[in-house]
Amino acid sequence: MQTYGHNPTWDTARQSLPDRIFENDEIVLTSNFECGNGYKIQRLHGGAYEIHIEPEPGNHHFSGSGCYFCFSASNKTDETLTVLFEIRAADGSWDRQRREKIGAFLEDHPGEVPPLSFEGSSRFAIVRDGDDWSHVPDGQMRRAMDHHGLAFSFDLPPRSEHQAPLYFSNYHWYPYTEMSSYLKQMADEHPSIELISLGKSVQDRDVWAVELGNEAANAPVIICAATPQADEMGNWACRANLEFLLGGSEAATAILSRHRVCLIPHPNPDGTVLGLMVTDAADKFPYFMGSETIAGDPDSPVEQVTLWEYMKQKRPWLFIEWHSNHWHWRPGHTLIRYAPQLISDPALRRVWDNWDRRLEALPNTFDEEGGRTDRTNAYTMSIGLGVATELDGIPIMLKVHDKFPLRETLDYVNRCLQAATEAFADEIV
């Protein structure tokens, strides 16, 4: 089967899916690669093309909806090709945060155009060119046909014999196969790293964990894991944490001398490979089944069970769950926090308060409204709540924003980790 220039090491599970390839004399558009998402790809008119977001499978809160896209584009001509991409979601879920607002405006102002601030969940698109990541320039973001969805134009460079496709998405995606190879390479190069398979996914892929730092049995443990919501860039955050800790700086050395740090970059590997938003290969929503997992429900997602068993073994004092988002209404990196009264250790509560103040002082940080999660409010279904209530550890969801340059965001996640360990050092001798 033709690979259309995609990385030959990537998983091929999506190659047989229908309606994931469009080709004419000028362009090839595909989403039949690992992490891809998009179907019913078609030409609208001239240089305009439409890509529909794939609806999530299963029977849960997001089933039938979708807000993640990831497709490739290759120019077949010898000249620069200017194209317009329209990203669509048939049920309107793509921009449901603003759909009612747009409808109310059009009802009150018939014939007028809604303000751009009303339009779409995303106001950006991300380009991957080899190992380089950038954003489509603001001036190339366009209005969608009916003020829903997302549209942008782009100048595709002329074809080249060795040129790989350009990839477009609204997230900084990271193929599971690339991460697996990277982790194995790092473990080979750094004897201080222990690479562990915590278990297998539904489709028999390893759920990897990396451990490094203080090996003493009583060393305080930190676990940083990507969210099981597979479209988000928590995997990049885990990689950034690893590279920071191996970088040899004074701060990294201090962390590793005191703490055992555990990183889990792909807790839902099947979801990543299949290009899903929040679902696993069994059509379940692992993140929203944390409470069932903790309770021992036999219907719990196998990957979440694997993660929770590891948590119980390690009993971390800190659990950072790295999320990301593309929502226009969130202005920056979002803190989704739990209530400190959930834990009983007064010293650890002081650490928590100290770390909160440090996080709030970081640039581009946005505190989610709606109150902190406790036993009755907000994210009560999460594994994070169990870290606090069952393991007496500090949990947090840090939802970094994909609108920022990748390197800037990765620096931010390392500052969050460093801030936590500095708070620990302040409060616990």
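The values are calculated or read from the model by the stated rules, or taken from the named source; none is laboratory data. The structure displayed is predicted, hence computed values, not measured ones. Neighbour counts are summed over all protein chains in view; Cβ atoms, including those assigned to glycine, are modelled from backbone coordinates with ideal geometry.
With respect to SER121, determine if the residue is modelled with pLDDT under 95 and within 24 Å of PRO18 (Cβ to Cβ). For SER121, the condition - modelled with pLDDT under 95 and within 24 Å of PRO18 (Cβ to Cβ) - is not met. The residue list ALA151, ALA216, ALA125 contains one member that is hydrophobic (A, V, I, L, M, F, W, C), surrounded by 19 or more Cβ atoms within 10 Å (Cβ to Cβ) and over 19 Å from ARG407 (Cα atoms), which is ALA151. Among the residues making up the range 368-387, a single one is within 16 Å of ILE294 (Cβ to Cβ) and among the basic types (Lys, Arg): ARG375. Annotation: of all residues in the range 199-216 being in a strand (DSSP E or B) and not acidic (Asp, Glu), the one that is nearest to ASN268 (Cα to Cα) is VAL207. Do we find a residue being assigned to a loop (DSSP other than H, G, I, E, B), over 20 Å from ARG315 (Cα atoms) and either in the same structural domain as MET289 (by TED's automatic domain parsing) or out of contact with any helix residue (DSSP H, G or I) (no Cβ under 7 Å at 6 or more places or on another chain) (or both) anywhere in the range 385-401? No; the residues of the range 385-401 include none that is assigned to a loop (DSSP other than H, G, I, E, B), over 20 Å from ARG315 (Cα atoms) and either in the same structural domain as MET289 (by TED's automatic domain parsing) or out of contact with any helix residue (DSSP H, G or I) (no Cβ under 7 Å at 6 or more places or on another chain) (or both).
Tally the residues that are in contact (Cβ under 8 Å) with a residue 24 or more places away in the chain, more than 25 Å from GLN304 (Cα to Cα) and either aromatic (Phe, Trp, Tyr) or assigned to a loop (DSSP other than H, G, I, E, B) (or both), restricting the search to the range 217-263.
Qualifying residue count, the range 217-263: 2.
Of everything listed in (1) under 16 Å from TYR176 (Cα atoms); (2) surrounded by fewer than 24 Cβ atoms within 10 Å (Cβ to Cβ), the single unmet condition for PHE288 is (1). Annotation: of all residues in the range 182-198 being assigned to a helix (DSSP H, G or I) and among the hydrophobic types (A, V, I, L, M, F, W, C), the one that is farthest from the chain's Cα centre (by Cα) is ALA187.
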